[in-house]
Amino acid sequence: MVWYKHIGLYVYRRDFLLRYPELPVGPLEKAERLEQLRALENGHRIRVVETEYESIGVDTPDDLERVVKLFEISLAGVISNG
């Protein structure tokens, strides 16, 4: 069985973003609290792309703290290797 991890990077064209607030909120968006469902419920398409890239989710303040520490460690390694 194959499992996929959702990264969740959404990129929109400017004209769509200007119209987005006027789109009605549908029952799926209300139930799931996922803003991308508004686009789907209003007939817009979302493209899904598979990648080999490994990501780190940042959903909580603790997640953010963990990622900041990882960046600090990575940056320190770049600076020391000059």
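Structure notes:
- Output for region 48-82, where each listed residue is closer than 17 Å to TYR10 by Cβ and exposed (fewer than 11 other Cβ atoms within 10 Å of the Cβ): VAL48, VAL49, GLU50, THR51, TYR53, ASP59
- Test: residue in region 19-42 that is among the charged types (D, E, K, R) and on the phi > 0 side of the Ramachandran plot: yes
- Filter result for the condition that a residue is modelled with pLDDT of 95 or more and acidic (Asp, Glu), over GLU72, GLU41, GLU35: GLU41
- Count of residues meeting criterion [loosely packed, with under 11 Cβ neighbours inside 10 Å and either more than 15 Å from GLY8 (Cβ to Cβ) or outside the structural domain of ILE7 (by TED's automatic domain parsing) (or both)] in region 28-47: 3
- Residue in region 7-39 that is farthest from GLU50 (Cα to Cα), counting only those that are in a helix (DSSP H, G or I) and of a type in the set (D, E, K, R): GLU22
- Test: GLU22 is closer than 22 Å to TYR4 by Cβ and without any contact (Cβ under 8 Å) to a residue 40 or more places away in the chain: no
- Any hit, region 64-73, residues being part of a loop (DSSP other than H, G, I, E, B) and not small (Gly, Ala, Ser): no
The values are calculated or read from the model by the stated rules, or taken from the named source; none is laboratory data. The structure presented is a predicted model; accordingly, all values stated were derived computationally and were not measured. Counting neighbours? That spans all protein chains shown, and the Cβs are built from the backbone with ideal geometry, glycine included.
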